[in-house]
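The values are calculated or read from the model by the stated rules, or taken from the named source; none is laboratory data. Here the structure is a predicted model, which means the values were calculated and not measured. Ideal geometry is used to build each Cβ from the backbone, glycine not excepted, and the neighbour counts take in all protein chains shown. Note: areas computed on protein heavy atoms with side chains; ligands, DNA, RNA excluded. Shrake-Rupley method; radii C 1.70, N 1.55, O 1.52, S 1.80 Å.
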Amino acid sequence: MASTEFGEDGDSRGGMWVLEQRIDQPMDEEAEKLKNMYREKKFSTLLLLRLAYQSLGVVYGDLGTSPLYVFYNTFPHGIDNQEDVIGALSLIIYSLTLVPLVKYVLIVLRANDNGQGGTLALYSLLCRHANIRTIPNQHRTDEELTTYSRSTIREKSFAAKTKRWLEEQPYIKDIILILALVGTCMVIGDGILTPAISVLSAVGGIKVNHADLSNEVVVLVAVVILVGLFSMQHYGTDRVGWLFAPVVLLWFLLIGGIGIFNICKYDSSVLKAFSPLYIYRYLKRGGRDGWTSLGGILLSITGTEALFADLAHFPVSSVQIAFTLLVFPCLLLAYSGQAAYLMHNLNHSNDAFYRSIPDKIYWPVFVVATAAAIVASQATISATFSIIKQANAHGCFPRIKVVHTSKKFLGQIYIPDINWILMILCIAVTAGFKNQSQIGNAYGTAVVLVMLVTTLLMILIMILVWRCHWILVVVFTGLSLIVECTYFSAVLFKVDQGGWAPLAIAGAFLLIMYVWHYGTVKRYEFEMHSKVSMAWILGLGPSLGLVRVPGIGLVYTELASGVPHIFSHFITNLPAIHSVVVFVCVKYLPVYTVPEDERFLVKRIGPKNFHMFRCVARYGYKDLHKKDEDFEKKLFHNLFVFVKLESMMEGCSDSDDYSLYEQQTERSREGLLVNNNAITSSTNMDPTVSSLDSIVSVTSPSHLNATVRSSGHVSNQTEVDEVEFLNSCRDAGVVHILGNTVVRASRDSRFYKKIAVDYIYAFLRKICRENSVIFNVPHESLLNVGQVFYV
């Protein structure tokens, strides 16, 4: 299916008509049906249970391995009395209830972006409901994508007022972006700290039965496992992924069963911890030490953010079923069992988990614990790759090599450069801190900051997307901030005891991401402000003032409308240009994916005998451009289809004598007119269309008519002729013309701006991948055009 519409090329200084075509784009009613079907997809009970089982290995590995180290980090110096055990258990119970269960499983998971979770997915969802993107490269046609789902906001509602306020305040857009980036950086920190603490805690079980082993040996074994884990990443998880779910299922059943055994064997009175009264007594009795111990309690809910970030392709209901029916009960039993054991062994808090295991099953549990720690680490590393890919799509991370590791699942990717950086930092944390306590302090800091970011973004989601009543927003925000700010105040006391590590890591990544985004925005603004007037192109005539040589020139640009400055720079410095010129724009949208049949937009620029076109290739943040190995082939296929459809549309007209000026006059009178049947499409008109006066001010109507008539009537060139012409040009050769725009700070800039632009941004551009590599351009067909601009 194909639909066509007349529209302007987006250049307010011109007045050129183009025919815009969306290949295989469903009509409005069909698109709406598809969206509704996607949103209202139903799953059978059996399928939901199967998906719930599969989600265990991907979503809950991190949260499930927390019992390995929670009591050790809560009581690093031992336990004074039994009441402290009851108080700590009560805090763990209510932390698991309020944060993972109530906040995330019941509320936050519903804020997914078509199945995608994480802070950047929330940011994308907000970008679709309010114009808060800092790179304004969206077009009205992007909103017609079947995956571009958003709700309608009533004009005078609180959501509409909030939307206007966000869009009118430029600094608010930057604040929201920085919030999303902070959350992203903390998730990256999780990708470093989770493998460190999980593997080190699991391997630490060796010392329980071999007390003569030194801590250095345990650290060495953990480092060897970590090196092996990161070295195997390039194989992906497709081959061994089927093992993840059974390993995590077995792990939950084991810790739940051991918990029941310990409750029955040691002390069932620990179940009185379900009374919140013991929380008050614990904090009152412990004073400052009790308050700072909350940093250890916080580790019981680590992996909660990963629960949201790793949502991936699992429906929300399946993740909710897995948590409520298996994960939550088993975790409560595991912690209660450890508490029952500690009631009679107060001096065993350092290795409570392994000491509470019955002797007969000790080594099988040790093996399963190590396997579960590896699965948890793998899930976090994969989530880190995914979120960096999202940041790259939003223009917030340097261009990097992204490799698909699975032919079945597009979400499984591998980023070599990031993998080795994570490995080095993870080994440095493991070998540098050497004990779980300091790594736990660092881990807690990263976790609580991600939760705070999610809460702040959820406020806007509830207002703009869900349009909740302000009372519900206040209740959610108040309860979330009370819990999370309490934990945050506790981890602040431990910044000097390891808590500085995630702050330093996140600070470094935040600097990189923000500086890169700043440079990207400035480059786009330069392109926008210096794009070429269509009147100037028309004034050059069909030959563009140059020799038109056989072949096709693909000019890559970041602009989705208008003629880029690189083109004028090119033709003013070289004496020839190709017979056919196609401006190619590859842009990412705030959607998780763009369907293949909706990916390309094709337009004509200028009269037919100019042979100039525009092709916009649109991607979502989960799509991978490298996957389109036949990108050039698809581009030309869409171009040929466009030419055929354009010819068919012209064949419907009763008159072949429409000039540009006459067409513009007709449009200003009647909206959109194609032949005597009066096919109107006023809903698709761009509100920024130039008026007749603006065209006259650039070039007179008589000159426009003369330009077109000198090149022949529209009907003089048939569809077959132009398709054959394009084919012959393609056979003659295709050249890829890329702009190499260098950004530099102006002389009067402040010193920090010069450092950011001239050194940090310049260094990142130097070490990142070239556009030619990202676009898979053959080296012999590449032509770079350099230009410099100052900010």
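Here are some notes:
- Relative packing of peptides 757-770, 543-556 - highest average C-beta neighbours within 10 Å first: 543-556, 757-770
- Span from the region 206-268 Cα centroid across to the region 358-401 one, whole angstrom: 13 Å
- Taking packing as the residue-averaged number of other Cβ atoms within 10 angstrom, the listed peptides 216-222, 352-358, 58-64, 148-154 run from highest to lowest as 58-64, 352-358, 216-222, 148-154.
- Formal net charge of residues neighbouring Gln169 (Cβ-Cβ distance under 15 Å; K, R +1; D, E -1): +2
- Within the accessible area of region 59-184 (1.4 Å probe), percent carbon and sulfur: 54 percent
- Solvent exposure of region 97-227 as accessible area per residue, Å², 1.4 Å probe: 36 Å²
- Local charge for Ala376 was computed over the other residues whose Cβ lies under 12 Å away, with Lys and Arg +1 and Asp and Glu -1, and equals -3.
- Fraction of accessible area attributable to carbon and sulfur, region 217-352 (%, probe 1.4 Å): 68 percent
- Share of carbon and sulfur in the accessible heavy-atom surface of region 491-543 [1.4 Å probe, %]: 70 percent
- Leu46 paired with Ala762, simple spin-label distance in nm, labels 7 Å along Cα-to-beta-carbon: 6.6 nm
- Packing-based order for 258-268, 134-144, 298-308, using average beta carbon neighbours within 10 Å, highest first: 298-308, 258-268, 134-144
- Over 31 Å between alpha carbons, listed pairs Lys163/Lys522; Lys603/Lys754; Lys161/Lys401; Lys389/Lys753: Lys603/Lys754; Lys161/Lys401
- Per residue accessible area of region 266-307, 1.4 Å probe, in Å²: 43 Å²
- Averaged per residue, region 428-549 has 38 square angstrom of accessible surface, using a 1.4 angstrom probe with ligands and nucleic acids left out.
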